[in-house]
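Data first, discussion second: the structure below is written as structure tokens.
The values are calculated or read from the model by the stated rules, or taken from the named source; none is laboratory data. Keep in mind the model is a prediction, meaning the values are calculated, not measured. Note that we place each Cβ from the backbone using ideal geometry, even for glycine, and neighbour counts take in every protein chain shown. Only protein heavy atoms, including side chains, enter the accessible area calculation; ligands, DNA and RNA are left aside. Shrake-Rupley method; radii C 1.70, N 1.55, O 1.52, S 1.80 Å.
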Amino acid sequence: MANIDKLVQANNEFKKSLNGQTISIHGKDYATVALRVAIARRVLGTSLDIVTKIIHIDADKVVMQADIYVDGKHVSTGHSEENRKASRINSTSALETCETSSCGRALAFLGFISDGIASAEEVSAAIEQQDKKIQTAIAELNAVSHKGSYQEWISKNKNFLSELKSKNPITYQGFMEQFTATKTNLINKGVI
């Protein structure tokens, strides 16, 4: 019974803490994995144990499992799969991304949810992979070779970036990291 009381308390605290802490993506609010973990840890303290394990790992993909225990009792499981070629981040950090996602899903199955099981990070990554416009803009940015083509790219993508920022802030943030790195590289080369 103590486990149930702790979980109810943790879920109630999570729901109270959502106001202003979620990320809106296409009109739905999603909690980040960090928020889920922070509230679970704050309420459950050392009663909470999150155990992750690698189910599969090779040059192409990573599969992980996260199990959640409260006072030594297994209460939830979450899985995640990441393809190393799915994104620039996954090319270097698929294991870390996969572990984070599996923890987020395990916490969601435990009841730490806003609009759905998926975390803000998962939804953002799925949208990014599906959105050809993002991939095209990144490819075109990487092809910029002089100041004129850089200014043309800025003009062409101004509305797109504004929309991306408001509808999918996590993807926008990742996009801006790539943009900043490319811009810095162009400045260092004297292109712009």
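Among the strands (runs of 3 or more DSSP E) confined wholly to region 38-86, which include 2 or more residues that are in contact (Cβ under 8 Å) with a residue 60 or more places away in the chain? If you could, list the steps in order and put the result at the bottom.
Working: elements: 48-57, 61-70, 73-83.
Hits in region 38-86: 73-83.
Might you check whether a residue that is closer than 13 Å to S101 by Cβ and surrounded by fewer than 18 Cβ atoms within 10 Å (Cβ to Cβ) occurs anywhere in region 63-70? I'd like the intermediate steps shown before the answer.
So the first thing to find is which residues in region 63-70 are closer than 13 Å to S101 by Cβ, and the list is 63-66.
After this cut, where a residue has to be surrounded by fewer than 18 Cβ atoms within 10 Å (Cβ to Cβ) as well, the list is 63.
There is at least one residue in region 63-70 that is closer than 13 Å to S101 by Cβ and surrounded by fewer than 18 Cβ atoms within 10 Å (Cβ to Cβ).
Could you tell me whether any residue of region 23-30 is surrounded by 13 or more Cβ atoms within 10 Å (Cβ to Cβ), at pLDDT 90 or above and outside any helix (DSSP H, G or I)?
Step one: filter region 23-30 for residues surrounded by 13 or more Cβ atoms within 10 Å (Cβ to Cβ), giving 23-25, 28-30.
Checking which are at pLDDT 90 or above leaves us with none.
Checking region 23-30: not a single residue is surrounded by 13 or more Cβ atoms within 10 Å (Cβ to Cβ), at pLDDT 90 or above and outside any helix (DSSP H, G or I).
Regarding region 87-96, can at least one residue be identified that is open to solvent by 40 Å² or more (accessible area, probe 1.4 Å) and at pLDDT 90 or above? Steps first, answer last, please.
Let us first name the residues in region 87-96 that are open to solvent by 40 Å² or more (accessible area, probe 1.4 Å), namely 88-89, 91-92, 95-96.
So of that shortlist, the ones also at pLDDT 90 or above come out as 95-96.
Yes - at least one qualifying residue is present in region 87-96.
If you take the residues in region 156-187 that are hydroxyl-bearing (S, T, Y) and touching a helix residue (DSSP H, G or I) at 6+ places or on another chain (Cβ under 8 Å), which one is nearest to I89 (Cα to Cα)?
The initial filter retains those residues of region 156-187 that are hydroxyl-bearing (S, T, Y), namely 162, 166, 171-172, 180, 182, 184.
Then drop every residue that is not touching a helix residue (DSSP H, G or I) at 6+ places or on another chain (Cβ under 8 Å), which leaves 171-172, 182.
Details: T171: 11, Y172: 14, T182: 15 Å.
Filtering first and then ranking leaves T171.
List pairs: first residue in region 148-165 and more than 23 Å from G190 (Cα to Cα), second residue open to solvent by 100 Å² or more (accessible area, probe 1.4 Å) and part of a helix (DSSP H, G or I) anywhere in the structure, Cβ distance under 8 angstrom, at least six positions apart or on different chains.
Going by the 8 Å Cβ cut-off, the qualifying pairs are F160/K133.
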